[in-house]
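A short worksheet on the structure shown next.
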Amino acid sequence: MSRVYNFSAGPAVLPEEVLKEAAEEMLDYKECGMSVMEMSHRSADFQQIIDDAEADLRDLMGIPDNYKVLFLQGGASTQFAMIPMNFSKTKNGVADYIITGQWAKKAYQEAKKFINAKVVASSEDKTYSYIPDCSDLDIDDDADYVYICENNTIYGTKYKTLPNTKGKTLISDVSSCFLSEPIDVSKYGVIYGGVQKNVGPAGVVIAIIREDLIPTEELADVPTMLQYKTHADKGSMYNTPPCYNIYMCGKVFKWIKAQGGLQAMKEKNEAKAKVLYDFLDSSKLFKGTVVKEDRSLMNVPFVTGDKDLDAKFVAEAKAAGLVNLKGHRTVGGMRASIYNAMPIEGVQKLVEFMKKFEEENS
Ligand SMILES: *Cc1c(COP(=O)(O)O)cnc(C)c1O
């Protein structure tokens, strides 16, 4: 067996310890005589798995008691619709969107189907290579919420300070920076993310929602499965949840705790990103594509400026066991996603390889 260094943006690398543990428990989970995949979601064993997962996540993130933690399905993309459907008070409700990339734009376009969604800031003018100044935006007086995508997976930017929402509820898509560093949950109304970037296997979306925002009455014109109330009332088990994936997320939470929690994770992520960014800043061949102040710790796009050379790099890197480095089709070039589970050795190997490639191709 030989494992590669996997720089995929998502689904992405998972901690090897977690995969090994899951493999050991595959046929017989804790003497149940069956796999977690085969288990009733109504069983005591599964209830323990989901309860532990929630408790560990609450502990890791310091989630206040007045926030619900929901394990949902449908990917982050389903949240693009659920958010306006649940959090806008009327059909003509207003919500303000900050567009820092494709995911924020998709969320905005989806919201427009249901409510009066407005763009209050955007970095589309420069291919989303920066985070706009959000200190004094023209927030609507009647906005139900302000929406951001906190880490832009495709473009490699991240908010270093949260926008001034002028008292309005902040809703944040954290899919690609989930659990990468400590955050103050109380600053948000809703934090949500698909887990396949930094937390677990595709199939789960975690939504952390301040309780008072969840509609208390059933929404007559919103499908049952698309109401947060449905899932909040039933502890994420209104219907069959993605049991195995929740179990895997729970293992990753325990792994992060064993690493020292989110502060330790942040320090490791900063050290990893520094290795790569320092090299990019000194390289004559490779360069980063976004402004330095807004650089993501998780997704690092870079280019040579020559498409053929980019393609050669991606192919040769793959042959050297450094895989999934091709950039998103809208940015081109390369992108190294260096999530929590990517060891620093992987980033060091990548930089060594880039140095060698630079020598051979200049
Ligand atoms: C990947 C991604 C999404 C889309 O996730 P799906 O689970 O595929 O719907 C949304 N937002 C961000 C920031 C992402 O990185």
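The values are calculated or read from the model by the stated rules, or taken from the named source; none is laboratory data. The structure presented is a predicted model; accordingly, all values stated were derived computationally and were not measured. Every residue, glycine among them, receives a Cβ derived from its backbone with ideal geometry; neighbour counts consider all protein chains shown. Accessible surface areas use protein heavy atoms only, side chains included; no ligands, DNA or RNA. Shrake-Rupley method; radii C 1.70, N 1.55, O 1.52, S 1.80 Å.
Could you look at the stretch 215-261 and say what percent of its accessible area is carbon and sulfur, using a 1.4 Å probe and all protein chains? Answer for the stretch 215-261: carbon and sulfur cover 53 percent of the accessible area. Computed over the chain, the range of Cα coordinates on each principal axis works out to 65, 58, 31 Å, biggest value leading.
Dividing the helix sum by the residues of the chain, where each DSSP H run of 4 or more adds -39500 (n - 2.57), gives a mean residue ellipticity at 222 nm of -11000 deg cm²/dmol.
Remark: the residue 202-residue 73 segment gains 45.5 nm on full extension, using 0.36 nm per residue and subtracting the alpha carbon distance. Please return the longest range in the chain lying between exposed loop sites, taking trypsin sites (Lys or Arg not before Pro), DSSP loop only, at most 15 other beta-carbon atoms within 10 Å, and leaving the sites out. Of all site-free stretches, the longest is 167-233. Taking the Kirkwood radius as Rh and the Cα radius of gyration as Rg, the stretch 43-100 has a ratio of Rg/Rh equal to 1.09. Note on the stretch 129-276: Cα convex hull, mean projected area over all directions, 10.8 nm².
Shape summary: the stretch 75-119 maps onto an equivalent ellipsoid whose semi-axes, from the alpha-carbon gyration tensor, are 16, 12, 7 Å in decreasing order.
Straight-distance candidates among the lysines for linking to residue 30, with alpha-carbon spacing under 17 Å and chain neighbours fewer than 8 residues away dropped: 20, 251, 254. Sorted into 10 angstrom bins from 0, the C-alpha pair distances of the stretch 64-210 split as 12, 45, 37, 6, 0 percent.
Ignoring GluC sites (Glu not before Pro) that are buried or in helix or strand per DSSP, and keeping those with at most 15 other beta carbon atoms within 10 Å, what is the longest stretch of the chain between them? That gives 26-216 as the longest site-free run. Within the stretch 302-345, whose backbone N sits under 14 Å from a point 7 Å along Cα→Cβ of residue 360? From the stretch 302-345, the list is 309-322. The Cα-based radius of gyration of the stretch 199-259, divided by its Kirkwood radius, gives an Rg/Rh of 1.05. Modelled spin-label separation between residue 187 and residue 271, with each label point placed 7 Å from Cα along the Cα-to-Cβ direction: 2.5 nm.
Bridgeable aspartates and glutamates around residue 312 (alpha carbons under 13 Å apart, same-chain partners fewer than 8 residues away excluded): 358, 360. How are the alpha carbon pair distances in the stretch 231-362 distributed across 5 Å bins from zero to the largest one, expressed in percent? Bins of 5 Å from zero give 2, 9, 17, 19, 15, 11, 9, 8, 5, 3, 1, 0, 0 percent of pairs. Pair-distance distribution P(r) for the stretch 171-235, from all Cα-Cα distances in 10 Å bins starting at 0: 19, 45, 31, 5 percent.
If contacts are Cα pairs under 8 angstrom and at least 6 residues apart, what is the relative contact order of the stretch 1-92 in percent?
8
Evaluated at q = 0.14, 0.26 Å⁻¹, the base-10 log of the normalised Debye intensity for the stretch 119-191, with identical point scatterers placed on the Cα atoms, takes the values -0.44, -1.39.
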